[in-house]
Every structure is written in C-alpha cells, then in structure tokens.
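Novice: One structure, as structure tokens, below. Some questions next.
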Amino acid sequence: MELLTEAIKNLFKRPFTEEKSKEKDWFIRGKLILDISKCTGCSLCEKVCPSKAITMVEDNRTKLKKSPIIDVSECIFCGLCVDYCPTKALAFTKSCALVSYEKKDFVKG
Amino acid sequence: MSSVPLGPLHPAFKEPINFKLKLEGEFVTDAEVRIGYTHRGIEKLGEKKTWIQFIFISEKICGICSSSHQGCYVQGVERLTGIVPEKRGIYIRTLTWELERMHSHLLWLGVLMHEIGIETMFMYTWRDRERVLDILEKLGGRRVAYSAITYGGARRDLSDSLIQQIIRLSDFILERSKFYENFILNDKRFLARTKGIGTLAKAEAEELSVVGPVARASGIPIDVRKTGYAAYYEAPFEVVVEKEGDVNAGALVRAKELEVSANIIKWIVKNLPQGKINVEVAPFSKLPEGETISRVEAPRGELFYYLKSNGSTNLERIKIRTPTLANIQAVAHTLKGHYLADVPVIAAGIDPCMGCMDRVVTLNEKGKKKVMTETELIDYGIKWYEKG
Ligand code: SF4
Ligand code: SF4
C-alpha cells in the first residue's frame, strides 16, 4: 500500500534525471590536459604520480629536453600532478567519456 | 544432511564470498565462511608509495566508503606529524563523511530490497541516492572516488550555491527517511521477509565483537563518532539503537541514521567556520618516526588503521581492519536455523563489502605445491565439493 501511494505521487512529478553538464558549477575531474607552452620540463608531475601515468619523453614538441606525456588509461584522476605542477601547465577537463578500442588513443602529450 | 557451497560466484552476492552450508532439508544447520577472493595487496602497495600518494590510493580500497578510508588514513598521518588540521577543512571533511553515509545507507537499503525482491523500492532508494552522489560529485569531482579529503583538511572549498544545494538535499533526505521508516515498519511483504530473520541477540553480538549498525541493531550503543574526532566533538547527534537484532531492526537503524546524518550536515553548514581548508605540504616530505592508530565510523562500522613510520617518505607498515571483517562471522553464526532462501537476505543484512574486507592473507609455504591447468582445477573443485 505504501508503495502504491508513492507510485501514484510520482506520476505527477518532473523527470528525475537531468542533463548535468548543462549546470554552470558542475565540477568534474575528467581527462587531463597539458598546456605544453607553460611546461618547464621539471618532471615533478612524473615523480608525484601514484600510478606512473606520466612519463617524460624526448620529442620535438618543444625546445625542452624532456616533456611529459600522459597515459589516461593509467590515470586514477587523483589530481596530484595538477596540484604540484609549479607552472599550472596541467589541468582537468570535463571530458570523462574514456572509451576506445586502441590503447594509443589514451596516450597524449 | 547435504552440503551446499554458496558462492564465490552466486547471483545473490554482488561480490565474491563463499559460504559452505550444511543443510538438513531446507534448514541451514551449520555455516562456514571463506573470504579472500578479492585480495588486492593494497597494504603492501602502501609501503611502496609515498605517504602523499597513498592518500589517493587508500580511497580506492572501497568504492562506497572511499572517503572514510581516505579520512581515516589522513587522520592517522596527521597524528604522526602532529599537526592541527584546519578547522574549516575538518568541517568539510565531516560533511563528506556524512554525505557518504547517506549514500551508502541508501545503496544498502536498495540492495536489501533487491535481495527480497521488492524492485520498486530498489529503484526509489537508488534514485534518491543519485541526488547525494550529485552533491558529492560537485564537492569532489567524481561520483565515487571524490578525493575530497587531503592532509590537514579538505581539498575543495564549499561555494555558497553548493551550500544551498546541500541544505535542500538534507531536507529532501529528512522527508524521504520518514517514508523509508514507514515502509520498513509497515509493509507486509518486507516484514514477512525480515522480521525475526537473522536475529543476533545482544550477548551474541558482544561475543562476536560486531561493529557499526549491526551492533546498534542488536542494542549495543557503539559509535566511533561519539569518541569525538573531527567535527563530531561539537556536532550534536544521537546514536540510533534498536533492540531486536534482526534484519528489520538493521534496516530501521540505517533509515533513522539517514535522518541523523541529514541533521549533522545541516548543523555543519550552519556552523561552518571561515579560514583555510588544508595544510600545504612539499611533495616528498618525510614523516617523523613513530606509530599510531586511527579510527573512524565508516557507514558500515568502525574502520581501523594502524600506521608505522620509520622516518622516510614511505610508511613502513599499514594495517587496515574494515568493518565487514568484524561483522562477517556474525553472518555465519546467524545463518544457523534459517531457511536456505533467507541466506541472501541475512548476508545482505550486515551490509557486506567484500572488496574492503579481504585484507589478510596467510601463506602456508610448507604444504605441497602444484601447477594445474584450468580443466584440472575444475575437476579438483568438483571432487573437493563432493567430498563435502
Ligand atoms: S591525476 Fe594522478 S594519476 Fe592521473 S596523471 Fe595526475 S598524478 Fe597521475
Ligand atoms: S610538473 Fe608541470 S612544468 Fe613540470 S614537467 Fe610536469 S607539466 Fe611540466
């Protein structure tokens, strides 16, 4: 009986699920993004990362000796690298749809 | 007399656990519990990572009481270093714990209803839980592993609009908990499946050292929050105690605790002090030598951490005792004398979390060692069970 009353009440209510991403103050720790122009190549992010998701590689993206690449499939989204990066080169984006068949899609610089 | 293995993979259990039941007709006469199927070696991992990194690994121990684990660990580290955490941070931390208790209790109510077969109620509780998760997501950035707690307080500050939303949520939960209490006390189908099922008398509960809502449902008024850590030493609240000790009493305790949590949350946002929210710490700072313990009341009961430091950046030893480990023996005990059909309800009744529980592993190096193929292992398993 209790359930029936509740069910009838719910008939006249608004839908419960709403599109969250439309809300202004929505905060989500999604995929990491690296602003390579700010990076100084200090490799602190590599050292603080608990899941070894960041590796410093030599490439020709910048003039730096080494710059970080992030393997998002290894990342646990703790945010330590974002907290400790001295130049605020790393940041979280709102994208959290991490689906792909290919491992290489997760690795980005 | 027959012997029936229940689990490790069984539709009634959401996580792997094995009960070896002895049956007399439909009645369970003896039950033995076997754990350890999801042991992940996180304690060992904690020794390999720096103590700052482990803050964010500790919350991965349990998907439901993630911030209890994180908070308990951080509280222990703060005791080791001897700092006084920021007051605003502590209040936000307590708020996270209480929000977590709400979502955990709602989740559990839903799971219990699902085990009984009242799927409509399962939908309602999980729908309400979604509201709590939305707030937690805004607080920490993730639905489950919110990482809202850090050394010296909390990670993110509360905005005014979030505070308003939290107050609205508390009112909503207060209203809903009335509905749940009414349902638990009056619904005929629910009463038929839970009243007098899985009864754990007070004396038995004391003997088996159960913790948390299971103990409180049996009339033992224990609650670690009353020891006054974090903001609980100021926040006014009552410990909910019921006498019967059956699954129904357990459900009632948790429904009433929803109310208690909502009131604590309202008190916290009203009395939120101003100031800093955490203490900054260098990425590779060392811990002073020493050992300590830390306890918090997780949604399922007392959570216990033992930390030992040898003065380096890593901890030397981390020992975790989760509430389910303390409660699981009570399931094996209360199963005796019940119908086989009631086993899932009784097992769900303690709000088990196997993922957290599987902390201990004993390796017997002396016995015979043998490498088996999959088919051999299956044959061996069948023979093992046939033997009884
Ligand atoms: S968020 Fe955490 S896990 Fe992910 S890359 Fe940064 S430090 Fe590593
Ligand atoms: S910590 Fe920041 S500046 Fe240093 S290497 Fe990483 S991204 Fe670059």
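Novice: Using helices alone, what [θ] at 222 nm do you get for chain B, with -39,500 (n - 2.57) per DSSP H run of 4 or more residues, divided over all residues and rounded to the nearest 500? Could you put the intermediate results ahead of the total?
Specialist: Details: 14 runs with 191 residues, N = 388.
-16000 deg cm²/dmol, from helical runs alone.
Novice: In addition: For a Förster distance of 51 Å, can you work out the FRET efficiency between the beta-carbons of B:THR38 and A:PHE12, rounded to the nearest 0.05? Intermediate results must be reported in sequence, preceding the final value.
Specialist: On the way: r = 44 Å, r/R0 = 0.86.
Once the sixth-power term is evaluated, E becomes 0.70.
Novice: When Lys and Arg each count +1 and Asp and Glu each count -1, what net charge do the other residues less than 11 Å away from B:LEU303, Cβ to Cβ, add up to? Show your work: numbers first, answer last.
Specialist: Values: positive: B:ARG295, B:ARG300, B:ARG321; negative: B:GLU297, B:GLU302.
My count for the surroundings of B:LEU303 gives +1.
Novice: Next up: I need to check one value: relative contact order of chain B, counting alpha carbon pairs closer than 8 Å and at least 6 residues apart, in percent. Write out the running numbers ahead of the final one.
Specialist: Numbers: 729 pairs, mean separation 94.2, N = 388.
In percent, rounded to a whole number, it is 24.
Novice: Sorted by packing (mean other beta-carbon atoms within 10 Å per residue), highest first, where do A:43-51, B:280-288 land? Please report the intermediate quantities before stating the final value.
Specialist: Values: A:43-51: 19.2, B:280-288: 13.2.
For the peptides A:43-51, B:280-288, the packing ranking is A:43-51, B:280-288.
Novice: Using the Kirkwood radius built from alpha carbon pairs, what does the Stokes-Einstein equation give as D for the protein assembly as shown at 20 °C and 1.002 mPa s, in µm² per second? Before the final figure, lay out each step's value.
Specialist: Working: Rh = 24.5 Å.
Translational diffusion coefficient: 87 µm²/s.
Novice: So which lysines can A:LYS63 reach, going by Cα to Cα under 26 Å and dropping same-chain residues fewer than 8 places off?
Specialist: Filter leaves A:LYS31, A:LYS38, A:LYS47, A:LYS52, A:LYS88, A:LYS104, A:LYS108.
Novice: Please name which of B:ALA205, B:ASN182, B:SER161 has its Cα lying farthest along the dipole of the range B:152-225 towards the positive end, using unit charges on Cβ (Lys, Arg +1; Asp, Glu -1) and the Cα centre as origin.
Specialist: B:ASN182
Novice: How do the peptides B:249-256, B:219-226 rank, highest first, by the average count of neighbouring beta carbon atoms within 10 Å per residue? Numbers along the way, then the final one.
Specialist: Details: B:249-256: 24.4, B:219-226: 18.1.
Most protected by this proxy first, the peptides run B:249-256, B:219-226.
Novice: Let me ask you something else. Using all Cα-Cα distances in chain B, what percent lands in each 20 angstrom bin from 0 up to the longest?
Specialist: Per 20 Å bin, starting at zero, the Cα-Cα P(r) for chain B comes out as 27, 55, 17, 0 percent.
Novice: So which helices of chain B fit the span-like rule, where a helix is a whole DSSP H run, its Cα atoms reach 18 Å or more along the axis, and its mean Kyte-Doolittle is at least -0.5? All intermediate terms of the calculation are to be shown ahead of the outcome.
Specialist: Values: long enough: B:66-81 (23 Å, -0.54); B:87-116 (44 Å, 0.02); B:119-140 (30 Å, -0.55); B:160-186 (39 Å, 0.06); B:247-270 (35 Å, 0.53); B:323-335 (19 Å, 0.65); B:374-387 (20 Å, -0.97).
Qualifying helices, which must be both long enough and hydrophobic enough, are B:87-116, B:160-186, B:247-270, B:323-335.
Novice: Now for a different question. What is the Cα centroid distance between the range B:75-115 and the range A:1-71, reported in whole angstrom?
Specialist: If we compute the Cα centre of each part, the gap is 22 Å.
Novice: Can you pull the one-decimal nm distance between simple spin-label points at B:GLU291 and B:GLU204, each 7 Å off the Cα toward Cβ?
Specialist: Label-label distance for B:GLU291 and B:GLU204, simple model: 3.6 nm.
Novice: Per residue of A:75-83, count partner chain C-beta atoms within 10 Å of its C-beta, then hand back the mean as an integer.
Specialist: Numbers: counts 0, 7, 5, 10, 7, 8, 0, 0, 5.
Per residue, the number of nearby Cβ atoms from other chains is 5 on average.
Novice: Counting only other chains, and only Cβ atoms inside 10 Å, what mean value do you get across the residues of B:119-132? Could the numbers behind the result be given before it?
Specialist: Details: counts 0, 4, 3, 0, 1, 4, 0, 0, 3, 1, 0, 2, 1, 0.
Partner Cβ neighbours, averaged per residue: 1.
Novice: When averaged across all projection directions, what area in nm² does the alpha-carbon convex hull of the range A:26-108 cover? If you can, show how the numbers build up before the last one.
Specialist: Working: hull surface 21.8 nm².
Average projection, Cα convex hull of the range A:26-108: 5.4 nm².
Novice: What's the average, rounded to a whole number, of partner chain beta-carbon atoms within 10 Å of each residue's beta-carbon in B:136-145?
Specialist: Details: counts 0, 5, 6, 1, 4, 10, 8, 2, 0, 4.
Mean partner-chain Cβ count within 10 Å for B:136-145: 4.
Novice: Determine the alpha carbon to alpha carbon distance for each of B:LYS202/B:LYS336; B:LYS178/B:LYS270; A:LYS65/B:LYS49; B:LYS48/B:LYS87; B:LYS22/B:LYS370; B:LYS188/B:LYS256 and list only those over 25 Å. Present the calculation step by step, with values, prior to reporting the outcome.
Specialist: Details: B:LYS202/B:LYS336 17 Å; B:LYS178/B:LYS270 23 Å; A:LYS65/B:LYS49 27 Å; B:LYS48/B:LYS87 31 Å; B:LYS22/B:LYS370 29 Å; B:LYS188/B:LYS256 20 Å.
Beyond 25 Å between Cα atoms: A:LYS65/B:LYS49; B:LYS48/B:LYS87; B:LYS22/B:LYS370.
Novice: Where does chain A land at 222 nm, in deg cm²/dmol rounded to the nearest 500, when only DSSP H runs of n ≥ 4 count, each adding -39500 (n - 2.57), divided by all residues?
Specialist: Mean residue ellipticity at 222 nm (helix-derived): -4500 deg cm²/dmol.
Novice: Rank A:GLU58, B:GLU259, B:GLU43 by accessible area, highest first, at a 1.4 Å probe radius?
Specialist: Details: A:GLU58 145, B:GLU259 45, B:GLU43 20 Å².
Sorted descending by solvent-accessible area, the residues read A:GLU58, B:GLU259, B:GLU43.
Novice: Compute the relative contact order of chain A as a whole-number percentage, counting only Cα pairs closer than 8 Å that sit 6 or more residues apart in sequence.
Specialist: Details: 142 pairs, mean separation 34.6, N = 109.
With pairs under 8 Å counted, the relative contact order is 32 percent.
Novice: Just for the Cα atoms in the range B:34-166, what are the lengths along the principal axes, largest first, rounded to whole Å?
Specialist: If we take the Cα atoms of the range B:34-166, the spans are 49, 47, 19 Å.
The values are calculated or read from the model by the stated rules, or taken from the named source; none is laboratory data. Computed from a predicted structure; not experimentally measured. Don't worry about glycine lacking a Cβ; one is built from the backbone with ideal geometry, like all the others, and counts go over all protein chains shown. Just the protein is used for accessible areas: all its heavy atoms, side chains included, with ligands, DNA and RNA removed. Shrake-Rupley method; radii C 1.70, N 1.55, O 1.52, S 1.80 Å.
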